[in-house]
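Right, one structure below, let's go through it.
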Amino acid sequence: MARNCIVVNLDRCTGCFGCEVACKMENGVALGERWSKVLTVGPVGEYPDMTRYALPTMCQQCENAPCVSVCPTGASYRDEDGVVLVDKEKCIGCKYCMMACPYGVRQFNEDAGVVQKCTLCAQITADGDGVPACVHNCNCGARFFGDYDDPESDVSRELAKYPEEAIHTLPDPNDAKPLTRYILSPKFASWKELV
């Protein structure tokens, strides 16, 4: 099974919010909801040695996705391509998955009465040809999409360019094993664990 994910190169990301806008436009995300959001880390340090960076967040495509294990109806599931999704027909709106997600990336759609989240733009990527809208529309070329296990994928090739100390994941409090990777070189900023 593929382990599709997104890699974000924070050395290049300017925090322009283009990924948020592209996601909302492509997926018809309701006003007030965000399946992709850009956080700001910092500023940290002492003047004149201060750093700040943008941190785009979205579904981390966890290998041990807690949102899937707590869902009472099977609405939260992993598809044949390994992507964590929500079946709107099975979702009863209990929000257990929202509470279980350590990254706060699931949204409740009040009008539909269901939980929704990043799908890695399955409507574009399902045939294996396209990339998610956030990747396609990244002005800085900071986002990459592909199979984490395929050494020829865009994500693997980008990760291979950097030493281990420049590659990060969001904190993993419950052994969820997020697949999303962030590249942040120490020469640009120090990675900060968000609480």
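The values are calculated or read from the model by the stated rules, or taken from the named source; none is laboratory data. Values in this document were obtained by computation on a predicted structure and should not be read as measured data. Quick reminder, even Gly has a Cβ in these numbers, built from the backbone with ideal geometry, and neighbours come from all protein chains shown. Quick note on the areas: whole protein, heavy atoms, side chains included, nothing else; ligands and nucleic acids left out. Shrake-Rupley method; radii C 1.70, N 1.55, O 1.52, S 1.80 Å.
Count neighbours as other Cβ atoms within 10 Å of each site's Cβ, and list the trypsin sites (Lys or Arg not before Pro) in segment 157-195 that are DSSP loop with at most 15 such neighbours.
Details: sites: 157, 161, 181, 187, 192; in loops: 161, 187, 192.
Passing sites in segment 157-195 are 161, 187, 192.
Would you rank 80, 89 by solvent-accessible area, highest first, keeping every protein chain in place and using a 1.4 Å probe? Each step should come with its number before you reach the end.
On the way: 80 145, 89 170 Å².
So, going from the largest accessible area down, we get 89, 80.
Using the beta-carbon distance between residue 123 and residue 99 and R0 = 35 Å, what value does 1/(1 + (r/R0)^6) give for FRET efficiency, to the nearest 0.05?
Values: r = 28 Å, r/R0 = 0.79.
My answer for the efficiency is 0.80.
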Show which lysines lie in cross-link reach of residue 90 when reach means a straight Cα distance below 20 angstrom and same-chain residues fewer than eight apart are skipped. 117
Using Cα centres only, tell me the gap between segment 5-41 and segment 102-154 in whole Å. 10
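So how do 14, 180, 169 rank on accessible area, 1.4 Å probe, biggest first, that is with the largest at the start? Before the final figure, lay out each step's value.
On the way: 14 90, 180 0, 169 45 Å².
Correct descending sequence by accessible area is 14, 169, 180.
Can you compute the helix-only [θ] at 222 nm over the chain? Use -39500 (n - 2.57) per DSSP H run of at least 4 residues, normalise by all residues, nearest 500 deg cm²/dmol. Working shown, then result.
Values: 6 runs with 34 residues, N = 195.
About -4000 deg cm²/dmol.
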Listed by chain and number, the aspartates and glutamates with an alpha carbon less than 14 angstrom from that of residue 192, same-chain partners under 8 positions apart left out, are 165, 172
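Tell me, what is the per residue accessible area of the chain in Å², probe radius 1.4 Å? Write out the running numbers ahead of the final one.
Working: 10060 Å² over 195 residues.
On a per-residue basis, 52 Å².
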Using the Cα atoms of segment 108-155 to build a convex hull, what is its mean projected area in square nanometres? 4.7
Using a 1.4 angstrom probe on the protein heavy atoms only, line up 1, 98, 50 by accessible area, largest first. 1, 50, 98
With all protein chains present, the chain has a carbon and sulfur share of its accessible area (1.4 Å probe) in percent of 50
Check the straight Cα-Cα distances from residue 161 and name the lysines below 17 Å, setting aside those fewer than 8 residues away within the same chain. 187
For the chain, share of DSSP beta bridges that run antiparallel, in % to the nearest 5: 90
Dipole of segment 1-126 [Lys/Arg +1, Asp/Glu -1 at C-beta], most positive-end residue of 83, 15, 65: 65
Tell me, which cysteines of the chain are without a disulfide-compatible partner by the Cβ under 4.7 Å rule? 5, 13, 16, 23, 62, 71, 91, 94, 101, 121, 138, 140
Picking from 67, 94, 23, which is most flexible by a Gaussian network model of the chain using Cα springs under 10 Å? 94
